[in-house]
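Before any comments, here is the structure.
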Amino acid sequence: MQVFITGGSGYIGRSTVRALIRHGIEVTALARSEHSARTLTDLGATPVAGALTDADVLREAAGRADGVIHLGVDYAGGTADVDRAAAEAMQEGAASGPYVHTGGVWVYGDTDGVVDENAPQSPPRITAWRLENEKRVLARAAAGEHPVVVMPGLVYGHSGGLAQGYFVEPGRAAGTVPCIGDGSNHWALVHVDDLAELYVLALNASAGSVYAGVGGQNLPLADITQALSHAVGCPGRIESVTLEEAVRRMGPIAEAFALDQQLTGARARRELGWTPTRLDALADLAQA
C-alpha cells in the first residue's frame with residue numbers, strides 16, 4: 001500500500017510517517033521546501049515538491065496513492081479557502097480510495113461532561129472555519145468517495161505540541177507558567193504517537209466516519225500547568241491570568257485553551273481497535 005500525506009514534516013506528521021512505515025506502508029509526502037524534503041527523506045518517505053495551493057500536484061499525487069492523509073495547514077492567509085481547495089483536489093484524485101481529513105475537537109466548544117463525536121458543535125473563532133470544510137469533505141461520501149475525519153485533541157509528547165509553544169517556552173523565559181483563569185477547565189489530551197496510530201487505522205474506516213482522537217485523559221488545566229512548571233524548572237510557580245490577558249499575550253488561540261472539554265475516544269477503540277498506550281500525560285508533560 002502507498003499513502004500520500006500532507007504535513008508530513010510537521011509535528012504530528014513526523015510521527016504519522018513513522019507509524020505508516022512501521023506498518024509496511026510506502027509513503028509519499030508533500031514538501032514545500034528543501035528542508036521539508038530532507039526531513040521526509042530522512043524519515044523514509046518520498047517527497048513530492050509542492051504546496052497546499054498546488055491543486056494539480058495534490059490531485060495527481062492522491063491519484064497515484066492507495067490512500068491519502070491530510071495533515072497540512074496553510075496559515076499564511078486564506079486558511080479556510082486553501083484547506084477546502086486542497087481537500088477537494090485530493091478527494092478528486094483519491095476517488096473511491098480512503099481520504100483521511102484532519103479536524104480538531106476544539107470545534108465542540110465547552111462540553112457538558114464527557115461527550116463523543118455526536119456532541120453539539122460551538123467552536124471558538126480560531127477553529128470556526130473547520131465546520132463548513134468538514135461538512136463538505138464528509139458530504140462526498142454520498143457520491144461514492146471515501147472520506148474519514150480524525151479530530152485530534154490537544155496533542156503532546158516528545159517535547160512538542162501547542163503547550164510547548166504557548167506555555168513551556170514563555171514559562172522558561174518568565175520563570176513561571178501561565179494558567180488561564182483558575183485552571184478548573186479540562187483539556188482532552190492525546191499523545192502524538194497514539195494519534196499517529198489512529199491515522200493509520202483510519203485508512204480502513206468506513207466512508208463518512210468521524211473519530212475523536214483523544215486518549216482518555218481529560219485533565220484540569222491546573223494540573224497540566226503544574227506539570228509544565230516542573231518541565232521549565234520552576235516547580236509550582238504558576239501565574240494565573242485572565243482570559244483577556246491571555247488573548248493579549250497568545251492571540252485568539254487563548255480562547256481555545258480556555259475551553260472546558262472532556263471527550264471520549266471510545267468510537268475509535270470500538271470500531272478500529274485503536275489502543276492508546278501512553279496514558280500518563282502529566283509525567284510526560286513534566287519532562288517537556
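Counting just the residues of the stretch 16-47 that are buried (at least 23 other Cβ atoms within 10 Å of the Cβ) and not polar (S, T, N, Q), which one comes out nearest to Val155 (Cα to Cα)?
Going residue by residue through the stretch 16-47, those that are buried (at least 23 other Cβ atoms within 10 Å of the Cβ) are 16-17, 20, 27, 29-31, 40, 45.
From what is left, the residues that are not polar (S, T, N, Q) are 17, 20, 27, 29-31, 40, 45.
Values: Val17: 16, Leu20: 18, Val27: 23, Ala29: 21, Leu30: 22, Ala31: 23, Leu40: 21, Ala45: 23 Å.
Checked the stretch 16-47; the qualifying residue nearest to Val155 (Cα to Cα) is Val17.
Just the residues that are touching a residue at least 40 places away in the same chain (Cβ under 8 Å) and hydrophobic (A, V, I, L, M, F, W, C), please, taken from the stretch 155-181. The answer is Val155, Leu162, Ala163, Phe167, Val168, Ala174, Val177, Cys179, Ile180. Within the stretch 188-195, can one find any residue that is in contact with an Asp or Glu (Cβ under 9 Å, 6 or more places away or on another chain) and in contact (Cβ under 8 Å) with a residue 40 or more places away in the chain? Yes - at least one qualifying residue is present in the stretch 188-195.
Checked against the criterion of being surrounded by fewer than 21 Cβ atoms within 10 Å (Cβ to Cβ) and either of a type in the set (S, T, N, Q) or at pLDDT 95 or above (or both), the candidates Gly50, Gly7, Gly13 yield just one match: Gly50.
When Val192 is tested against the conditions (1) among the β-branched types (Val, Ile, Thr); (2) surrounded by fewer than 18 Cβ atoms within 10 Å (Cβ to Cβ); (3) in contact with a Ser or Thr (Cβ under 7 Å, 6 or more places away or on another chain), the lone failure is (2).
Inside the stretch 231-288, can you point out the residues that are small (Gly, Ala, Ser), assigned to a loop (DSSP other than H, G, I, E, B) and in contact with a strand residue (DSSP E or B) (Cβ under 8 Å, 6 or more places away or on another chain)?
Our first condition is that a residue be small (Gly, Ala, Ser); within the stretch 231-288, this holds for 231, 233, 236, 240, 246, 251, 254, 256, 258, 265-266, 268, 273, 281, 283, 286, 288.
With assigned to a loop (DSSP other than H, G, I, E, B) added as a condition, the list becomes 233, 236, 251, 258, 265, 273, 286, 288.
Result: Ala258, Gly265, Ala288.
Can you name the residue in the stretch 242-261 that is surrounded by fewer than 17 Cβ atoms within 10 Å (Cβ to Cβ) and within 14 Å of Asp182 (Cα to Cα) and, of all such residues, is nearest to the chain's Cα centre (by Cα)?
Leu243
All of (1) assigned to a helix (DSSP H, G or I); (2) in the same structural domain as Ala268 (by TED's automatic domain parsing); (3) acidic (Asp, Glu) hold for Glu197 with one exception: (2).
Any residue at all in the stretch 161-172 that's outside any helix (DSSP H, G or I), surrounded by 18 or more Cβ atoms within 10 Å (Cβ to Cβ) and modelled with pLDDT of 95 or more? There is at least one residue in the stretch 161-172 that is outside any helix (DSSP H, G or I), surrounded by 18 or more Cβ atoms within 10 Å (Cβ to Cβ) and modelled with pLDDT of 95 or more. Tell me whether the stretch 73-90 contains one or more residues that are among the hydroxyl-bearing types (Ser, Thr, Tyr), surrounded by fewer than 24 Cβ atoms within 10 Å (Cβ to Cβ) and either touching a Gly at 6+ places or on another chain (Cβ under 9 Å) or in contact (Cβ under 8 Å) with a residue 40 or more places away in the chain (or both). Yes: the stretch 73-90 contains one or more residues that are among the hydroxyl-bearing types (Ser, Thr, Tyr), surrounded by fewer than 24 Cβ atoms within 10 Å (Cβ to Cβ) and either touching a Gly at 6+ places or on another chain (Cβ under 9 Å) or in contact (Cβ under 8 Å) with a residue 40 or more places away in the chain (or both).
Per the conditions (1) in contact (Cβ under 8 Å) with a residue 60 or more places away in the chain; (2) hydrophobic (A, V, I, L, M, F, W, C); (3) surrounded by fewer than 16 Cβ atoms within 10 Å (Cβ to Cβ), the sole criterion not satisfied by Val100 is (3).
Figure legend. Inter-residue proximity from the stretch 274-288: first residues more than 30 Å from Ala205 (Cα to Cα), second residues acidic (Asp, Glu) and modelled with pLDDT of 95 or more, beta-carbon distance below 7 Å, spacing 6+ or different chains. Indicated pairs: Leu282/Asp223.
Among the residues of the stretch 103-135, those that are of a type in the set (Ser, Thr, Tyr) and in a loop (DSSP other than H, G, I, E, B) comprise Thr111, Ser122.
Can you give me the ranges of the strands (runs of 3 or more DSSP E) entirely in the stretch 42-102 with at least 3 residues that are farther than 28 Å from Ile253 by Cβ? It would help to see each step written out before you state the result.
Numbers: elements: 46-49, 67-70, 98-102.
Answer list for the stretch 42-102: 46-49.
The values are calculated or read from the model by the stated rules, or taken from the named source; none is laboratory data. Just so you know, these numbers come straight off a predicted model, no measurement behind them. Here Cβ is always computed from backbone atoms with ideal geometry, including for glycine, and neighbour counts include all displayed protein chains.
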